[in-house]
Amino acid sequence: MDEVPAKSNQFLVFGYFGGWNSGDEAILDSVWSMLEQEYAPASVTGICTRISETISRDYQRRGVRMVKADRIGLLFRLLKTHRLVIGGGQMLTGDRSSKGMLFVLLLCWMGRLRGQRARLIGIGTEGVTRFRSRWLARRIVASSDWIGCRDDFSHAMLIAAGCQPKRLKSTADVVFSAVLAEPNQALSCSSKSSIVIGLHRSPLRSFADASFYRTLIAFLRDSFPDRSLIVVSSDVRENFDAGLLCQLQADITDTSIRWQNCDAPREVLATYANAACVISVRMHPLILALINSVPVVGIAKSNKVKSLAKRVGFPLYDPELMTTTDLKRLIDEAIAHGSPSVDSLLPSAWKNIDGLLETRNRRRTA
């Protein structure tokens, strides 16, 4: 059985990259940044299920090598010389076919055949409740060397699935880790006059429907007439955010509203970075704002957003318990008080870095 050299600076990283989701592209940039910082020059090869033409050209300009997930023979050969990293992001989704979890387990087993164990960093979970997905989760955890869960909800779900608690680490999203390790990574900001809504739709689970967003957009337009309003799709796929954005754009005739699709993920990141306030039911728009010191208001429809709000301390709007007057107050207060500090996540974020760099015993100070 072959073994990858312990000090190898070559890495094989699997995530849902490929230009479809701005959050996943931020994760790729973050993992690459952390590896470059420690192992320069690091050689990073990404694994993705498919690649959009737009991002493919961008990857080539930046020197990013991508391998399609179906090239199993090539992946197995690369695992002879490349250390395997999985994540971050929502890598363990147990709904429907569990195909993603099956592929993660396959990578873990191929790594074992090459004399190494995968390192899972900043992992999120959803739907790991049925027998098959719970079994897959236990096998993945047992086959891995280091498993960091990005939020309390995912950590608890893996424990409920029967995974050994002592093998799981409670960490933070890897985007936080990269910025805390290298503070200059945050984007520079210019005008901060816009209120930005980060949409979310998924064929597996959506936390708000088009009717909710239509009402929210109309309320914000009326309540903040002096601020521009931007509605952002963080995912370019039709059955995800992009389809929802197109539906809303067709329904709403207000020409003052700016609509932004995720055709260029880096432009989406810049929009969040330059906002006066970001509002969303999903984590990554809020995270991409927070790392750039932008105030946020989370919508309490997702357990992960609730968990992040508890850890960071940003305001939450619960449509079931609060009025739109409360929402306006929360936005006004968020803008007036500024972005909350993410320093409370520092110890958890460092765990991702230590797990990635195989220096679990290294002490860090703020």
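The values are calculated or read from the model by the stated rules, or taken from the named source; none is laboratory data. These numbers were taken from a predicted model, which means no experiment stands behind them. Cβ coordinates were reconstructed from backbone atoms using ideal geometry, including for glycine residues, and neighbour counts include every protein chain displayed.
Please verify whether VAL31 is of a type in the set (A, V, I, L, M), in contact with a Lys or Arg (Cβ under 8 Å, 6 or more places away or on another chain) and closer than 20 Å to ARG83 by Cα, treating the condition exactly as stated. Talk me through it step by step, then tell me what you get.
Values: of a type in the set (A, V, I, L, M): yes; in contact with a Lys or Arg (Cβ under 8 Å, 6 or more places away or on another chain): no; closer than 20 Å to ARG83 by Cα: yes.
Against the criterion (of a type in the set (A, V, I, L, M), in contact with a Lys or Arg (Cβ under 8 Å, 6 or more places away or on another chain) and closer than 20 Å to ARG83 by Cα), VAL31 does not qualify.
Select from segment 16-47 the residues that are buried (at least 24 other Cβ atoms within 10 Å of the Cβ) and of a type in the set (Gly, Ala, Ser) and write down the one among them that is farthest from the chain's Cα centre (by Cα).
The extreme case among them is GLY19.
Determine whether segment 34-52 contains at least one residue that is in contact with a Pro (Cβ under 9 Å, 6 or more places away or on another chain), in the same structural domain as TRP146 (by TED's automatic domain parsing), under 30 Å from LEU199 (Cβ atoms) and in contact (Cβ under 8 Å) with a residue 40 or more places away in the chain.
Within segment 34-52, not a single residue is in contact with a Pro (Cβ under 9 Å, 6 or more places away or on another chain), in the same structural domain as TRP146 (by TED's automatic domain parsing), under 30 Å from LEU199 (Cβ atoms) and in contact (Cβ under 8 Å) with a residue 40 or more places away in the chain.
With the structure loaded, tell me whether VAL85 is under 17 Å from PHE11 (Cα atoms), of a type in the set (Val, Ile, Thr), assigned by TED's automatic domain parsing to the domain that holds ILE147 and without any contact (Cβ under 8 Å) to a residue 40 or more places away in the chain or whether it fails that test.
Numbers: under 17 Å from PHE11 (Cα atoms): yes; of a type in the set (Val, Ile, Thr): yes; assigned by TED's automatic domain parsing to the domain that holds ILE147: yes; without any contact (Cβ under 8 Å) to a residue 40 or more places away in the chain: no.
No; evaluated as a whole, the condition is false for this residue.
So, in segment 59-80, of the ones that are touching a residue at least 60 places away in the same chain (Cβ under 8 Å) and crowded, with 16+ Cβ neighbours inside 10 Å, which residue ends up nearest to VAL236 (Cα to Cα)? Write out each step before concluding.
If we filter segment 59-80 for residues that are touching a residue at least 60 places away in the same chain (Cβ under 8 Å), which is where we start, we get 75, 78-80.
Remaining after also requiring crowded, with 16+ Cβ neighbours inside 10 Å: 75, 78-79.
Numbers: LEU75: 27, LEU78: 30, LEU79: 31 Å.
Looking at residues that are touching a residue at least 60 places away in the same chain (Cβ under 8 Å) and crowded, with 16+ Cβ neighbours inside 10 Å, I get LEU75.
Taking segment 37-96, which residues are more than 25 Å from CYS262 (Cα to Cα) and assigned to a strand (DSSP E or B)?
SER43, ARG83, LEU84, VAL85
Provide a single number: the residues in segment 82-112 that are surrounded by fewer than 15 Cβ atoms within 10 Å (Cβ to Cβ) and of a type outside the set (A, V, I, L, M, F, W, C).
3
Take ASN352 and decide whether it is outside the structural domain of PRO285 (by TED's automatic domain parsing), surrounded by fewer than 13 Cβ atoms within 10 Å (Cβ to Cβ) and at pLDDT below 95.
For ASN352, the condition - outside the structural domain of PRO285 (by TED's automatic domain parsing), surrounded by fewer than 13 Cβ atoms within 10 Å (Cβ to Cβ) and at pLDDT below 95 - is not met.
Let me spell it out: the conditions are (1) within 27 Å of PHE176 (Cβ to Cβ); (2) at pLDDT 95 or above, and MET66 meets all of them except one. Which number is the exception?
MET66 satisfies every listed condition except (2).
Go over the candidates SER293, SER234 one by one and state the one that is small (Gly, Ala, Ser) and in contact with a Phe, Trp or Tyr (Cβ under 9 Å, 6 or more places away or on another chain).
Values: SER293 fails: in contact with a Phe, Trp or Tyr (Cβ under 9 Å, 6 or more places away or on another chain).
Result of the check over SER293, SER234: SER234.
What tally of residues in segment 295-305 results from selecting those that are assigned to a helix (DSSP H, G or I) and either without any contact (Cβ under 8 Å) to a residue 24 or more places away in the chain or buried (at least 19 other Cβ atoms within 10 Å of the Cβ) (or both)? Even if it seems obvious, please write down each step before you answer.
Going residue by residue through segment 295-305, those that are assigned to a helix (DSSP H, G or I) are 303-305.
If we keep only those that are either without any contact (Cβ under 8 Å) to a residue 24 or more places away in the chain or buried (at least 19 other Cβ atoms within 10 Å of the Cβ) (or both) too, we end up with 304-305.
Looking only at that region, the number is 2.
Pick out, from segment 113-182, the helices (runs of 4 or more DSSP H) lying fully within it that include 3 or more residues that are surrounded by 19 or more Cβ atoms within 10 Å (Cβ to Cβ) and modelled with pLDDT of 95 or more.
Details: elements: 131-143, 152-160, 174-181.
Once the helices (runs of 4 or more DSSP H) in segment 113-182 are filtered for at least 3 residues that are surrounded by 19 or more Cβ atoms within 10 Å (Cβ to Cβ) and modelled with pLDDT of 95 or more, what remains is 131-143, 152-160.
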